[in-house]
Amino acid sequence: MALKNIKRTHYAFQVNDTLVGQQVRVGGWIEDIRDIGKLAFVTIRDVTGICQVIVTGGNLQSALQAPRQSAVTVTGIVQESKARDFPVEVKVSEFTVLTEALHPLPIDPTGRVESAIDKRLDARALDLRNPKIAAIFRLRSVGLKIIRHALSSQGFIEVNTPKIIGSASEGGANLFGFGYFGNRKAYLAQSPQLYKEQLMVGLDKVFEIGPYFRAENSHTVRHLSEFTSVDIEAAFLDYEDVMDILEKVVRKVAIEFHESYEPDLQAVGAKEISVAKIDRLTYEQCLEELANEGEKLEFGDDLSDSALRKLGSLHPGFYFIMDWPLKLKPFYIHGKEDDRRLSKSFDLQYNYLELASGGRRLHEPAKLRTRLAEQGLNPATFQDHVRAFEWGMPPHSGWGLGFDRLMMVLTGEQNVREVVLYPRDTERLTP
Ligand code: AMO
């Protein structure tokens, strides 16, 4: 068989009136075929858009026989078009079907026929051919880029800590464990918490963007068993300082999305999000506001889903809840000096949804051991961790931001699975 030239000269969006009279080769997928006898109008979609081509003569048969969504290259001369939707079209000299698509496909990637999310996730790669879905993942990519840039330019260095670990980072619950060479037991990291804190002994300001794993038996639109988190840790900073950093990072992503990625935001149907000012409420203020709304909670109660939904309706958009009761927070969180019931901790919320949590950490090894024991954790299991605190550990603070949840908010999606390529949850392990 003759060698096929698979290289494109132009993307579909580049085929415009400046190219009239020139030869182009586009590569993409057949979207529609309109057969009008001696010729056929075919639309070809690629990742950038769609163009129309006119097929005649010897190429007609192969174009008409090809199932929609087959991968093709099309070569021809650009000419003006009378079509309503296309100012120009390509008069085809060579129409090559590279790979035929199955007919019928499991989902319609044009999005004209809607499929339930599970069906789309079962055929995720094909789902990405839908321009709306592809736009979500382009935005996800630039979101990460913006965050990396924002943190690096503030002096943070990017690190990679292990995902196979020997002890729990967030306490005992929801760990995935597995056998590790011989009869040892290993776990998948729930967060980089222990490592990012240890790094404060030498690296001062670090961030990590990575996958974390939680055996959450939750069936919600916001929990996954594998999620992506942006974590930071910074020495010689208190919790309000790292709240400022978080606020800046989130604002930067939201603003840059709207300044530079409006077409993708429009494709996903996202509304503009206000990040002008992020309110900082204390836990106790939240209790008061909730009591006024008829939701009575005692000091020390966690904020339930329904309580968070009420708070979300009072504070639509982003807001912080800070100064949580110490007993509600993990062992590594520092207490407030002026009120021992409270902690130097915070969550960043968007309406009902928790996007991030963080705080000032205990940096004195003796206090850390006491807190571990108080929380029913075995200090011996955390020996390697606590050792690092004996090497001149500076005071430090940090946070973990659920990147998938942030993307959910910024794209206006209601289900975290929409913004994750291959989500993992209690039911889904494939594809
Ligand atoms: P936390 O456990 O609150 O804190 O997690 C931080 C953020 O990660 C996201 N997240 C999840 N997203 C999807 N599915 C899940 N199962 C899931 N679990 C958590 C949330 C959450 O706010 N070590 C601390 C952070 C710190 O103090 O630095 C931690 O992991 O958006």
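The values are calculated or read from the model by the stated rules, or taken from the named source; none is laboratory data. Keep in mind it's a predicted model, so treat the numbers as computed, not measured. All Cβ positions, even for glycine, are placed from backbone atoms using ideal geometry, and neighbour counts span all protein chains on display.
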When residues of the range 158-197 are filtered for being of a type outside the set (D, E, K, R), within 21 Å of the chain's Cα centre (by Cα) and not in a loop (DSSP other than H, G, I, E, B), how many remain? 2
Flag for Tyr350 being within 13 Å of the ligand (Cβ to nearest atom) and among the aromatic types (Phe, Trp, Tyr): yes
Cross-chain or 6+ apart pairs with Cβ under 6 Å, the range 191-219 first and under 15 Å from Ile147 (Cβ atoms) and touching a residue at least 24 places away in the same chain (Cβ under 8 Å), then outside any loop (DSSP other than H, G, I, E, B) and among the aliphatic types (A, V, I, L, M): Lys205/Ala234; Val206/Ile157; Val206/Leu199; Phe207/Leu151; Phe207/Ile232; Ile209/Val230
Residues in the range 354-409 that are aliphatic (A, V, I, L, M), modelled with pLDDT of 95 or more and either within 14 Å of the ligand (Cβ to nearest atom) or outside any helix (DSSP H, G or I) (or both) total 9
Per the filter on the range 300-311, residues part of a helix (DSSP H, G or I) and free of Cβ contacts under 8 Å to residues at least 40 places away in the same chain are Ser306, Ala307, Lys310
Test: Tyr261 is of a type in the set (Phe, Trp, Tyr) and more than 30 Å from Leu237 (Cα to Cα): yes
Please indicate, with yes or no, whether at least one residue in the range 234-252 is within 16 Å of the ligand (Cβ to nearest atom) and among the aromatic types (Phe, Trp, Tyr). yes
Got a number for residues in the range 178-203 being away from the ligand (no atom under 16 Å from the Cβ) and under 27 Å from Ala235 (Cβ atoms)? 2
Residues (touching a residue at least 60 places away in the same chain (Cβ under 8 Å), part of a loop (DSSP other than H, G, I, E, B) and surrounded by 16 or more Cβ atoms within 10 Å (Cβ to Cβ)) located in the range 129-157: Arg129, Phe156
In the range 273-299, the residues that are in a loop (DSSP other than H, G, I, E, B) and touching a helix residue (DSSP H, G or I) at 6+ places or on another chain (Cβ under 6 Å): Ile273, Val275, Ile278, Glu293, Glu295, Leu297
